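Visitor: Submitted below is the structure of interest, expressed as structure tokens.
A short reminder: the numbers here are calculations on the coordinates, not readings from a lab. In this text, all values refer to a predicted model and were calculated from it rather than measured experimentally. Cβ atoms come from the backbone with ideal geometry, glycine included; neighbour counts cover every protein chain shown.
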Amino acid sequence: MKKKFPLIIVFICLIAAGCKAESPGTTDYIIFGDFYGMCSGSSCVDYYKIENGSIFKDQLDEYPDGSINHNFTVYTGGYTSSMLDVSTELPSGIYSEGEIIGMPDAYDQGGLYIEISDNGNIQNWRIDKDHNNVPPYLHTLCDSVEHYLSALD
């Protein structure tokens, strides 16, 4: 578990240093995860939530096919909340994108899910895992989310 600490620090630094928020609003929480439709087992859909410096794991793991229900519980992995006590920001350009970016999970490549609440304004995106279908400015974010999810599994 301690080997994963550098991956999380890299993710946090990439997000904090490489992205700008659309406005100086307050990030209430961020949910991120990945999903695969043609899949069986417990790792087909995974969501995590960062809120108030803590990390939570979703127990329902619903495929993001419209409205998603979540049931978050405190993540019991080997990480402390102080590691995640940072402001997580997305690239400003994502706010002008639609809810679906690329063709997430269209040909069994899976997709990423990101939801953010800024001052109570909730936005979410389903993003293709294939970089060829995603604007280049999102590649770093997508790679970082993938590494972070890998570290939490």
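Visitor: If the chain between I122 and Q59 were fully stretched, how many nm would it gain, using 0.36 nm times the residue separation less the Cα-Cα distance?
Guide: 20.6 nm
Visitor: So how far, in whole Å, is the C-alpha centre of the range 117-153 from the one of the range 46-64?
Guide: Rounded to whole Å, the Cα centres lie 14 Å apart.
Visitor: Order of D34, D153, D61 from fewest to most other C-beta atoms within 10 Å?
Guide: On the way: D34 22, D153 9, D61 17.
Starting with the residue having the fewest Cβ neighbours, the order is D153, D61, D34.
Visitor: Can you tell me how much longer the chain between E51 and S92 gets when fully stretched, taken as 0.36 nm per residue apart minus their C-alpha distance, in nm with one decimal? Write out the running numbers ahead of the final one.
Guide: Details: separation 41, 0.36 × 41 = 14.76 nm, distance 2.03 nm.
Working it through step by step, the gained length comes to 12.7 nm.
Visitor: Sum up the charges of everything whose Cβ sits under 9 Å from the Cβ of F72, counting Lys and Arg as +1 and Asp and Glu as -1, but leave F72 out. Mind showing how you got there, number by number?
Guide: Details: positive: K49, K57; negative: E51, D58.
Net charge in that neighbourhood comes out at 0.
Visitor: Quick one: net charge around K49, please, counting Lys, Arg +1 and Asp, Glu -1 for every other residue with C-beta under 10 Å from its C-beta.
Guide: Summing Lys/Arg as +1 and Asp/Glu as -1 gives -2.
Visitor: Starting with the fewest neighbours, write out L149, L90, L60 ranked by other beta-carbon atoms found within 10 Å of each beta-carbon. Display every interim value, and only then the final one.
Guide: Working: L149 18, L90 21, L60 11.
By the 10 Å Cβ count, ascending: L60, L149, L90.
Visitor: What FRET efficiency, computed as 1/(1 + (r/R0)^6) with R0 = 22 Å and r the Cβ-Cβ distance, is obtained for S43 and E99, rounded to the nearest 0.05? Don't skip to the answer; put the middle values down first.
Guide: Values: r = 24 Å, r/R0 = 1.09.
Step by step, r from the Cβ atoms, then E = 0.40.
Visitor: Same structure again: Set the Förster distance to 30 Å, then compute FRET efficiency between N69 and D143 from the Cβ-Cβ distance, nearest 0.05.
Guide: Values: r = 28 Å, r/R0 = 0.95.
Efficiency, from the Cβ-Cβ distance: 0.60.
Visitor: To the nearest 0.05, what FRET efficiency results for T26 and Y107 with a Förster distance of 30 Å applied to their C-beta separation?
Guide: On the way: r = 38 Å, r/R0 = 1.27.
So the FRET efficiency works out to roughly 0.20.
Visitor: Determine the sum of side-chain charges near E115: Lys and Arg each +1, Asp and Glu each -1, restricted to other residues whose C-beta is under 12 angstrom from that of E115. Before the final figure, lay out each step's value.
Guide: On the way: positive: K49, R126; negative: D28, E51, D58, E99, D118.
Result for the local shell: -3.
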